[in-house]
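The values are calculated or read from the model by the stated rules, or taken from the named source; none is laboratory data. Since the model is a prediction, treat every value here as computed from it, not as a measurement. FYI the Cβ positions are ideal-geometry reconstructions off the backbone, even for glycines, and counts take in every protein chain you see.
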Amino acid sequence: MESEHFTSAELRCRHCGSEGVRRELLDVLEALRAKAGPLKVNSAYRCPQHPVEARKPKPGLHARGIAADLVPMAMPLRAFYDAVRAEPRIRGIGVDHSAGYIHVDVREAIAPTLWVYRNGRAVVVTDPLQEVSHG
């Protein structure tokens, strides 16, 4: 699947090449692109056999086609975080300050789950604005 600003090549699994991004995620990526300018997709769909997914007890949201890790190319990470937080369809937001990307997902949830990556581990936070400001 692809859209106006995202090719199937950048959305497919980097392990096996299969496609699996769902339309609801792609729609959110396009909305973010409209607000933030060009985005680099570090990872979108990952098959269950992808090394990252295979290490998990069960495949995660990338394997369900509803998550992507994004690097803003036209604005600082903090400004991109604000754009991500303003998108109501995003229900999972993880910030990796050292790698300079933000994980976004469209899981079904009443309220967003927010976390930062510290030493390669996701740590849930209650004040992600402070984490982004000081990260």
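Of all residues in the stretch 4-45, those being assigned to a loop (DSSP other than H, G, I, E, B) and hydrophobic (A, V, I, L, M, F, W, C) number 5.
Being basic (Lys, Arg), over 20 Å from Gly17 (Cα atoms) and modelled with pLDDT of 95 or more is the requirement here; does Arg89 meet it? Criteria met by Arg89. Do the conditions hold for Tyr45, that is, is it over 27 Å from Glu4 (Cα atoms) and among the hydroxyl-bearing types (Ser, Thr, Tyr)? No. Would you say Gly120 is on the phi > 0 side of the Ramachandran plot, touching a Gly at 6+ places or on another chain (Cβ under 6 Å) and not hydroxyl-bearing (Ser, Thr, Tyr)? It is false that Gly120 is on the phi > 0 side of the Ramachandran plot, touching a Gly at 6+ places or on another chain (Cβ under 6 Å) and not hydroxyl-bearing (Ser, Thr, Tyr). A count restricted to the stretch 92-122 and to residues that are among the polar types (S, T, N, Q), over 20 Å from Asp82 (Cβ atoms) and part of a strand (DSSP E or B) stands at 0.
Which of the residues spanning the stretch 53-91 are outside any loop (DSSP other than H, G, I, E, B), buried (at least 21 other Cβ atoms within 10 Å of the Cβ) and in contact with a Pro (Cβ under 6 Å, 6 or more places away or on another chain)? Residue satisfying the conditions is Phe80 alone. Within the stretch 67-103, the set of residues being hydrophobic (A, V, I, L, M, F, W, C) and within 14 Å of Ala31 (Cα to Cα) comprises Ala68, Leu70, Phe80, Ala83, Val84, Ala86, Ile90.
Tell me, which residue of the stretch 43-52 that is within 11 Å of His15 (Cα to Cα) and not charged (D, E, K, R) is surrounded by the most Cβ atoms within 10 Å (Cβ to Cβ)?
Tyr45
Checking each residue of the stretch 26-37 against the condition of being among the charged types (D, E, K, R) and free of Cβ contacts under 8 Å to residues at least 40 places away in the same chain gives at least one match.
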